[in-house]
1. Output the number of the condition that residue 147 fails; it satisfies all remaining conditions of (1) under 16 Å from residue 158 (Cβ atoms); (2) surrounded by 15 or more Cβ atoms within 10 Å (Cβ to Cβ).
2. Among the residues of the stretch 95-135, count how many are outside any helix (DSSP H, G or I), within 17 Å of residue 33 (Cβ to Cβ) and either touching a strand residue (DSSP E or B) at 6+ places or on another chain (Cβ under 7 Å) or in contact (Cβ under 8 Å) with a residue 24 or more places away in the chain (or both).
3. Quickly run through the stretch 52-72 and pick out the residues that are farther than 18 Å from residue 25 by Cα and either outside any helix (DSSP H, G or I) or in contact (Cβ under 8 Å) with a residue 60 or more places away in the chain (or both).
4. Only one of 37, 102, 53, 44 is open to solvent by less than 60 Å² (accessible area, probe 1.4 Å) and not β-branched (Val, Ile, Thr); which?
5. Kindly provide the set of residues from the stretch 86-111 that are under 23 Å from residue 176 (Cα atoms) and of a type in the set (A, V, I, L, M), ordered by number.
6. Could you check, for the stretch 125-146, whether at least one of its residues is within 18 Å of residue 30 (Cβ to Cβ), aliphatic (A, V, I, L, M) and over 19 Å from the mean Cα position of the chain (by Cα)?
7. So if I check each of 7, 75, 83, which one is in a loop (DSSP other than H, G, I, E, B), open to solvent by 10 Å² or more (accessible area, probe 1.4 Å), farther than 18 Å from residue 169 by Cα and among the hydrophobic types (A, V, I, L, M, F, W, C)?
8. Based on what the data block shows, is residue 63 under 25 Å from residue 19 (Cβ atoms), at pLDDT 95 or above and either surrounded by fewer than 17 Cβ atoms within 10 Å (Cβ to Cβ) or small (Gly, Ala, Ser) (or both)?
Amino acid sequence: MSELLGADGVARCSWGNSTPDYVAYHDEEWGVPLHGLDELYERLCLESFQSGLSWITILRKREGFRKAFKQFKPAKVAKFGDADVERLMQDASIVRNRAKILAAIKNAQAIASLDTPLDDLLWSFAPTGRRRRPRTIADVPAITDESTAMAKALRKLGFVFVGPTTCYALMQATGMVDDHVATCWRARR
């Protein structure tokens, strides 16, 4: 339990105590149900950009991402062309990875082609029924049947950079699943 106590004496998931950025993200966002087109597109993009990097890197560049990607308005990003890609490749306030930048644009275009709202689509994969609360972070899965199904469905709809691990991280970040450990103050009892 002592590794779960932050400097402020609050019990959190162990990762949530490592930096002030993580404390705020853990306490205010992670696992909180999130809805809305722009909000979910932002999280989808950020989770894709995080692939292979630490989440703290993404958190610390979040405002840069918001500015670079027009506040994550998919209709605006879907219109980005080659000049925008080159501009983004020169923008040190974001992660400058061409494949991930192109994925953000492609995913915005895929959203424009959807027959159902992005909110409804993503939340349709949220698990139903009671789930066993993880006792430790080691008990938290990296992928689930639901995240695998989400990834497969998204890829079929033209989305890219959305594997099962990225989809599960998205599910955690947006409250589709609640993986706060049992002793964390955020754990739902």
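The values are calculated or read from the model by the stated rules, or taken from the named source; none is laboratory data. This structure is a prediction, so every number in the text was calculated from the model and none was measured. Glycine also receives a Cβ, built like all others from the backbone with ideal geometry; neighbour counts cover every protein chain displayed. These accessible areas exclude ligands, DNA and RNA; they are computed on the full protein's heavy atoms, side chains included. Shrake-Rupley method; radii C 1.70, N 1.55, O 1.52, S 1.80 Å.
1. (1)
2. Result for the stretch 95-135: 6.
3. Listed by number, the residues that qualify are 52, 69.
4. Values: 37 fails: open to solvent by less than 60 Å² (accessible area, probe 1.4 Å); 102 fails: open to solvent by less than 60 Å² (accessible area, probe 1.4 Å); 53 fails: open to solvent by less than 60 Å² (accessible area, probe 1.4 Å).
It is 44.
5. Residues of the stretch 86-111 that are under 23 Å from residue 176 (Cα atoms), as a first pass: 103-104, 107-108, 110-111.
Passing the criteria: 103, 104, 108, 110, 111.
6. The answer is yes, given that some residue of the stretch 125-146 is within 18 Å of residue 30 (Cβ to Cβ), aliphatic (A, V, I, L, M) and over 19 Å from the mean Cα position of the chain (by Cα).
7. Sole residue among the options that is in a loop (DSSP other than H, G, I, E, B), open to solvent by 10 Å² or more (accessible area, probe 1.4 Å), farther than 18 Å from residue 169 by Cα and among the hydrophobic types (A, V, I, L, M, F, W, C): 7.
8. Working: under 25 Å from residue 19 (Cβ atoms): yes; at pLDDT 95 or above: yes; either surrounded by fewer than 17 Cβ atoms within 10 Å (Cβ to Cβ) or small (Gly, Ala, Ser) (or both): yes.
Yes.
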